[in-house]
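In what follows, a single structure is set out as structure tokens and then discussed.
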Amino acid sequence: MSSKKNNSMSKEEVYILENERVKLSPLTLDNFHHLSKIAAQDKLVQYSPSDIASETGLKKYVETALEQQDRKTSIPFIIFDKATGQYAGCTRYMNIHWVNKVLHIGSTWIGREYQGSGLNGQMKFFMLDHAFDEMGFEKVEFRIDERNGRSRKAVEKLGCSLEGILRKDVYLLDGFKRNTCCYGLLKEEWGDIRAAR
């Protein structure tokens, strides 16, 4: 895994993260159009409150991510799958608390053709690596709809612990109010997990 700085900021620096399989670059209003067809896939983010299916909704989604980035609480990425030579989706560091050294990895979605390919696992692995080793964070959290078995198994496979469930926590686009599972991983736990691989 490699990371490259793309500006001269300090703790707010945006990175390009890259390994042999996937490249994460800053998500911008100049490149989000690469995701339009993927975002339009039926019920791609059915467990999320985000509206990305239309071009207008997707642009607003990106604008919101960039506003959060301006406030230094989010670092959004566009995902490029090197195996296919195609853009696959997006993800971000979010809810960043620089003082407490805690952040979330979330707002992740990839096209159905990439699900189960190993792309998401590799991407999450080096995002964790980067958050702990390069950015100096001490805890990473994930928030997942209780019904989303695929995503829950994926973060459990990474070594994350279920720390609790927020009941009736977030309204989704269809009016359903989901329960949200809170998963966490500590820096010292990640060191042991990585050493065992």
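Taken along the Cα-to-beta-carbon direction at a fixed 7 Å, the label points for residue 101 and residue 20 span 3.2 nm. Our estimate of slack between residue 117 and residue 67, defined as 0.36 nm per intervening residue step minus the Cα-Cα distance, is 14.8 nm. Note on the stretch 2-196: Rg/Rh from C-alpha atoms, Kirkwood Rh, equals 0.93. A simple spin-label model places the labels of residue 195 and residue 60 4.9 nm from each other, with each point 7 Å out along Cα-to-Cβ. In loop segments of the stretch 92-142 as defined by DSSP, the chymotrypsin sites (Phe, Trp or Tyr not before Pro) with at most 16 further C-beta atoms inside 10 Å of their C-beta are 98. Per residue, the convex hull around the alpha carbon atoms of the stretch 30-142 comes to 109 Å³.
Shown is the FRET efficiency for residue 146 and residue 30, computed with R0 = 30 Å from the Cβ-Cβ distance and rounded to the nearest 0.05: 0.25.
Note on the stretch 95-169: Rg/Rh from Cα positions, Kirkwood definition for Rh, rounded to two decimals, is 0.97.
FYI, it's all coordinate maths here, none of it is from the lab. This one's a predicted model, so the numbers in the text were calculated from it and none came from an experiment. Neighbour counts run over all protein chains shown; Cβ positions are idealised from the backbone, glycine included.
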